[in-house]
1. So which residues in segment 161-171 are open to solvent by less than 100 Å² (accessible area, probe 1.4 Å) and at pLDDT 65 or above, if there are any at all?
2. Is it true that some residue in segment 134-147 is modelled with pLDDT under 70, part of a loop (DSSP other than H, G, I, E, B) and in contact with a His (Cβ under 6 Å, 6 or more places away or on another chain)?
3. Name the single residue that is nearest to HIS17 (Cα to Cα) among those in segment 33-71 being among the aliphatic types (A, V, I, L, M) and more than 16 Å from the chain's Cα centre (by Cα).
4. Any residue in segment 84-103 that's of a type in the set (Asp, Glu): show its pairings with residues that are open to solvent by 10 Å² or more (accessible area, probe 1.4 Å) at Cβ separation under 8 Å, as long as the two are six or more apart or on different chains.
5. If SER96 passes every condition in (1) polar (S, T, N, Q); (2) open to solvent by 40 Å² or more (accessible area, probe 1.4 Å); (3) in contact with a strand residue (DSSP E or B) (Cβ under 6 Å, 6 or more places away or on another chain); (4) at pLDDT 80 or above but one, which one does it miss?
6. For residues that are hydrophobic (A, V, I, L, M, F, W, C), within 22 Å of VAL158 (Cβ to Cβ) and part of a helix (DSSP H, G or I), tally how many sit in segment 54-87.
7. Considering each of TYR15, TYR106 in turn, give the residue that is modelled with pLDDT under 95, surrounded by fewer than 17 Cβ atoms within 10 Å (Cβ to Cβ), aromatic (Phe, Trp, Tyr) and outside any helix (DSSP H, G or I).
Amino acid sequence: MTYTVVWFKRDLRVYDHAPLAHAAVRGPVLCLYVLEPGIWRQPDCALQHYEFLRESLRDLAQQLRVLGARLQLAVGELTDVLSRLHAQQPFASLVSHQETGNSVTYARDLAVARWCRAQGVSWQEWPQHGVVRCLPSRDQWLGMWQSHMAADRVAAPVPASLRSVCLPWRTTWPEPSAIGNAM
C-alpha cells in the first residue's frame, strides 16, 4: 500500500497545514510525531516545554480523530524511527514543514534528507516563514524574504477526511525520565 508520512514537528495543528492538505489529496496518510531524545537533552529544552508539547499533542490527536486519522507517536532519533517504519510498512513520500530550530534540529534535518535519498523516499518541506535555508550567499536573502512576505497567503484547507494508515505504535508519551532527561 502506498501512503505518505506526514511528519509533525512544531506545527501541531490541522488548520492551515500545507503538508497535511497535500498528502490528504494523494491518498492514505500516516500522521507521525517523534519524541527525539537527542533534541530533548539540549540545554534549551525544559520540563515546561515537554508538558506543553504533551498538551498540544493531545489536541492534535483529537483534531486528527475527527478527520478519521490517528496520530502515531514514536520515541527515538528520527532516522532510526523512519527506518523502523519503512521496514514495517514501506512508504515513498515524507512531507513536513521546514523547521527553524537550532543546530541540532538542522543537523537532524540533514540526516533525514540523506536517509530519504538513500531509501528513494521523496521528502517535501513547506516553508513557514522568511527564513531560507542553504543559500549560496546572504546577498539573495532580502529579495527572497520580501517576495515571501508580499505574497498573498491562502490558508491550506483542512482535509474533509483522512484515509489513515495505522501501525501498532505508541499512543501515549513516556515520562520525561524515560527519554533520559530529568529536565
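1. Correct list: SER161, LEU162, SER164, VAL165, CYS166, LEU167, TRP169.
2. no
3. From segment 33-71, those among the aliphatic types (A, V, I, L, M) are 34-35, 39, 46-47, 53, 57, 60-61, 64, 66-67, 69, 71; that's our starting set.
If we keep only those that are more than 16 Å from the chain's Cα centre (by Cα) as well, we get 46-47, 66-67.
Working: ALA46: 26, LEU47: 27, VAL66: 16, LEU67: 14 Å.
Ranking the qualifying residues of segment 33-71, first place goes to LEU67.
4. Final answer for the pair search is GLU99/LYS9; GLU99/ARG10.
5. It fails just one condition, (2).
6. Step one: filter segment 54-87 for residues hydrophobic (A, V, I, L, M, F, W, C), giving 57, 60-61, 64, 66-67, 69, 71, 73-75, 78, 81-82, 85, 87.
Still in the list and also within 22 Å of VAL158 (Cβ to Cβ): 57, 60-61, 64, 66-67, 69, 71, 73.
From what is left, the residues that are part of a helix (DSSP H, G or I) are 57, 60-61, 64, 66-67.
The number of residues fulfilling the criteria is 6.
7. Values: TYR106 fails: outside any helix (DSSP H, G or I).
So the residue among TYR15, TYR106 that is modelled with pLDDT under 95, surrounded by fewer than 17 Cβ atoms within 10 Å (Cβ to Cβ), aromatic (Phe, Trp, Tyr) and outside any helix (DSSP H, G or I) is TYR15.
The values are calculated or read from the model by the stated rules, or taken from the named source; none is laboratory data. The structure presented is a predicted model; accordingly, all values stated were derived computationally and were not measured. Neighbour counts are summed over all protein chains in view; Cβ atoms, including those assigned to glycine, are modelled from backbone coordinates with ideal geometry. Just so you know, the surface numbers come from the protein's heavy atoms only, side chains and all, with ligands and any DNA or RNA stripped out. Shrake-Rupley method; radii C 1.70, N 1.55, O 1.52, S 1.80 Å.
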